[in-house]
Amino acid sequence: MSSPILALPEREVVVVVDDEAPMLRTLERALDGTFQVATFQAAEDALARVRQGGVAVVLSDIGLPGMSGIELLGAVRAHDPDLPVVLITGSPSLESATKAIEHGVFRYLPKPFDGEELALLLGQASQLHRLARLKREALELRGAPSTAQYGAPDHGLRRALDSLSVVYQPIVSNSQRSVYGYEALMRSSDPAFPSPAHILAAAERCDALNVLGRAIRARAAAGLLDAPGDALLFVNLHPRDLTDPELTRRGTPLADVAQRVVLEITERASLHGIEALKPTLAKLRALGFRIAIDDLGAGYAGLTSFALLEPEIVKLDMTLIRGIDQNAVKQKLVSSISGLCREMGMTIVVEGVETIDEREALIGLGCDLLQGHLFGYPQSTLMAPSF
């Protein structure tokens, strides 16, 4: 009896685009042993193949006649936010690299490159494509919003940056009936980015969190000119911002007012993998910045963020505050956290105070610095708070 014939797994399809026939043949030979290679000399024809479905990766030259590689990237991104696109060029430039990043390129490669390394890169890209689709299915299964809803795939990050603005919400000292500071919060006038989460997701997708962070910090610093003389400015940082050399550079808009700036680092994102964290924090403090842990109670558990950041200020997340006047467990927890932080010399700010009863409960627990809609909604100008 003959053995059954096992079907070999079907190779994944890679669309390759280059208007030079010799380069196209070279790329096809480099990839043919690993993928099914569909070659095209025009981006429009390649895009038509992508729209048919079943493509794992797109590899395209940037300098194409008609539709350029950058334009092809944008069209692919609008069709499928998860499909990896690798762009290659014989004339690399900062401008084309920036545009590629804004449109969510998977990798930007100058020529020449090694064929085996290229095949390995595209293999990794196809694996991540499958993983992205599985994650999207898992999110849809549990009814959570998929990344497409937050990624705004049909809009470049440049559009989000052009529409970016900053609003300010007061932080008050209840005992002094005065403004302690203002938190700068990002907003966008573009309906494709209706919340900060959408803007952050676009920046993460484009690997451009530092670009976004610089834009926010510059806009936030401008508002401090209208603040009361001793009021602080609270500015949110994504942990990735700590890898941006500009953050610790003198002469930037925020560094010029560092003595009045508190940098908030959220507990919702991990500090894992941030290199040279301690030296970076030392440079920031030398400039005059203070460090705050944001969203305490809603992010990562454990002592890691405290041990690494050694914050001067701790902000309690609104999930601990909502309905605290009617919740003895929350009261005990907030009392314990705030008391311990004060023992360690840290200042406590409470976020999300919306009712008079919540305010009175917090005052009874010894909390004085408060932030929330009860005192003022975020506004484009630095408004005086309500008490």
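Any idea which of Val257, Ser305, Ala203 is furthest toward the positive side of the dipole for segment 153-371, if Lys and Arg beta-carbons carry +1 and Asp and Glu beta-carbons -1?
Selected residue: Val257.
Identify which of the listed values of Rg and Dmax of the Cα atoms in Å was calculated from the structure shown: (i) 25.3, 92; (ii) 18.9, 62; (iii) 26.7, 88.
(i)
Sort 218-225, 314-321, 244-251 by packing, meaning the average of other beta carbons within 10 Å per residue, with the highest value first.
Descending packing order for the listed peptides: 314-321, 218-225, 244-251.
Only bridges whose two residues both fall in segment 153-371 count here: according to DSSP, what percent of them are antiparallel, nearest 5?
In segment 153-371, DSSP labels about 35 percent of beta bridges as antiparallel.
Averaging sequence separations of C-alpha pairs under 8 Å and six or more residues apart, then dividing by the length of the chain, give the relative contact order as a whole percent.
Relative contact order of the chain: 11 percent.
Against the longest alpha carbon principal axis of the chain, how many degrees, from 0 to 90 and to the nearest 10, is the axis of helix 43-52 turned?
Once rounded, one gets 80 degrees.
Is the shape of segment 14-134 rounded, prolate or oblate, going by the alpha carbon gyration tensor and its root eigenvalues a ≥ b ≥ c, with a/c under 1.5 for rounded and a/b larger than b/c for prolate? If you can, show how the numbers build up before the last one.
Values: a/c = 1.22, a/b = 1.04, b/c = 1.17.
It is rounded, given that a/c, with a ≥ b ≥ c, falls under 1.5.
Go ahead and estimate [θ] at 222 nm for the chain from helices alone: -39,500 (n - 2.57) per DSSP H run with n ≥ 4, summed, over the residue count, rounded to 500.
It comes out at -11500 deg cm²/dmol, rounded to the nearest 500.
What ranking do His103, His238, His272, His373 get, fewest neighbouring Cβ atoms within 10 angstrom at the top?
Taking fewest neighbouring Cβ atoms as first place, the list is His272, His373, His238, His103.
Under unit Cβ charges (Lys, Arg +1; Asp, Glu -1), what dipole magnitude, rounded to 20 debye, does the chain have relative to its Cα centre?
In total the dipole reaches around 540 debye.
When averaged across all projection directions, what area in nm² does the alpha-carbon convex hull of segment 167-261 cover?
Averaged projected hull area, Cα only: 6.9 nm².
Of all DSSP beta bridges in the chain, what percent run antiparallel (nearest 5)? Provide the component values of the computation, followed by the final result.
On the way: 14 of 55 bridges.
In the chain, DSSP labels about 25 percent of beta bridges as antiparallel.
Figure the gain on full extension for His79 and Gln127 (residue separation times 0.36 nm, minus the Cα-Cα span) and round it to one decimal in nm.
Using 0.36 nm per residue and subtracting the Cα-Cα distance, I get 15.4 nm.
How do Phe387, Phe40 line up, fewest other C-beta atoms within 10 Å first?
Phe387, Phe40
Which cross-chain or sequence-distant (5 or more) residues have an amide H under 5 Å from the amide H of Ile321, H modelled 1.01 Å from N in plane?
It is none; the list stays empty.
Sort segment 319-387 into rounded, prolate or oblate with this rule: let a ≥ b ≥ c be the square roots of the eigenvalues of the Cα gyration tensor; rounded if a/c is under 1.5, and if a/c is not under 1.5, prolate when a/b is larger than b/c, oblate otherwise.
Because a/c hits 1.5 or more and a/b fails to exceed b/c, segment 319-387 counts as oblate.
Bear in mind these aren't lab numbers, they're just calculated from the coordinates by the rules spelled out. Keep in mind that this is a model prediction, so the values were computed, not measured. Glycine also receives a Cβ, built like all others from the backbone with ideal geometry; neighbour counts cover every protein chain displayed.
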